[in-house]
Amino acid sequence: MLIFCLAVVFLFFIVYMGLQMYIKNKLIAFLENKDFDSFYNLLSTTKAQVVLPPYNIEYMKLNGYMMQNRKKEIDHQFTLLLREKKNKQQTQDLLQRGLQYYIDRKDSRKCHLFLDEMKNVMGTQVMKEATYMVDILVDGKSCFIEEMKEKLNSVSENQKPVYYYLIQKQYENCHDMKNAKLYENLCSQWKERK
C-alpha cells in the first residue's frame, strides 16, 4: 500500500511539474509573438492558477503590460504587487524595477514612494545610488557634482561612465552646458575604449 501511495504522489508530482513547464513555455511564446490576448487568457485559466503562485501570475501580467506600455495597468500592477506576499529577492527585484520604470517616466511622486519602500530592504549603497538617480534624473538636482567628481578617483572602471553621465546631467540641470559637454565627451571616450 505504501508503495502505491508513493507512486501516486510521484506521478502527481511529475504531472504537476510537466504542466507547470508547459504553461510557462506557452506564456513565454505568447509574449515573444506579442500574442497578448492568448497570454492574458492563459494566465486566467484554472490550470495556470493551480501551478503558478499568485505573485508570479501578477508579475507576468506586469511584464505584458510593460511590453504594451499600458501605463494605467502598470501602475495598478505595481500597487497590487507591493501588497502581495513575496520573498526578499522578489521584493528587491520589484522595487528596483518599479523605481527604474518611474525614473524613465520622470514621475517624482512614485519614485519617492519606491525609495521609501526600498529603505526597509536595500543596502546603504543601493539606496544611495537610487537616491542619486531620482534626485538628478527626475528632480533635476545638481548638488552632488563635487562629491561625484571625488568618487571618480575610487570607483571601478566600469562605474565611471555612470558617474560621468550623472555629472553631465547635473551640469545640464544647472544649465552649465560647457561642463555638461565635457562629461558627455568623457563618457563617449570611455565607451570607445571598451
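The values are calculated or read from the model by the stated rules, or taken from the named source; none is laboratory data. Because the structure is a prediction, the values reported are computed rather than measured. Heads up, the Cβs are rebuilt from the backbone with ideal geometry, glycines too, and the neighbour counts pull from every protein chain shown. Heads up: the accessible areas ignore ligands, DNA and RNA and are worked out on the full protein's heavy atoms, side chains in. Shrake-Rupley method; radii C 1.70, N 1.55, O 1.52, S 1.80 Å.
Odds and ends about this structure:
- Cα-centre dipole for the chain with unit charges at Cβ (Lys and Arg positive, Asp and Glu negative), debye to 20: 220 debye
- Residue-averaged [θ]222 nm for the chain, counting only DSSP H segments that reach four residues, each worth -39500 (n - 2.57): -24500 deg cm²/dmol
- The chain: relative contact order in percent, alpha carbon pairs under 8 Å with at least 6 residues between: 10 percent
- With all protein chains kept in place, the per residue accessible area of the chain amounts to 63 square angstrom at a probe of 1.4 angstrom.
- Coordinate range along principal axes, alpha carbons of the range 61-170, Å, largest first: 42, 26, 23
- Counting only whole DSSP H helices of the chain, the ones at least 27 Å long by C-alpha along their axis and with mean Kyte-Doolittle hydropathy no lower than 1.0 are 2-32.
- Highest-MSF residue in the chain out of Leu62, Leu43, Leu19 [GNM, Cα springs under 10 Å]: Leu19
- Where a label projected 7 Å from the Cα of Lys24 along Cα→Cβ would reach, residues of the range 33-49 with amide N under 17 Å: 43, 47-49
- Relative contact order of the range 40-128, pairs being alpha-carbon contacts under 8 Å that are 6 or more residues apart, as %: 18 percent
- Accessible surface of the range 74-160 [probe 1.4 Å, protein heavy atoms]: carbon and sulfur percent: 47 percent
- Computed lengthening from Asp104 to Met67, 0.36 nm per intervening residue step minus Cα-Cα distance: 11.9 nm
- In a fully extended conformation the segment linking Val121 and Lys88 would gain 11.1 nm over its present Cα-Cα distance, using 0.36 nm per residue.
- Residues with amide H under 5 Å from that of Met122, placed H, sequence gap 5 or more: none
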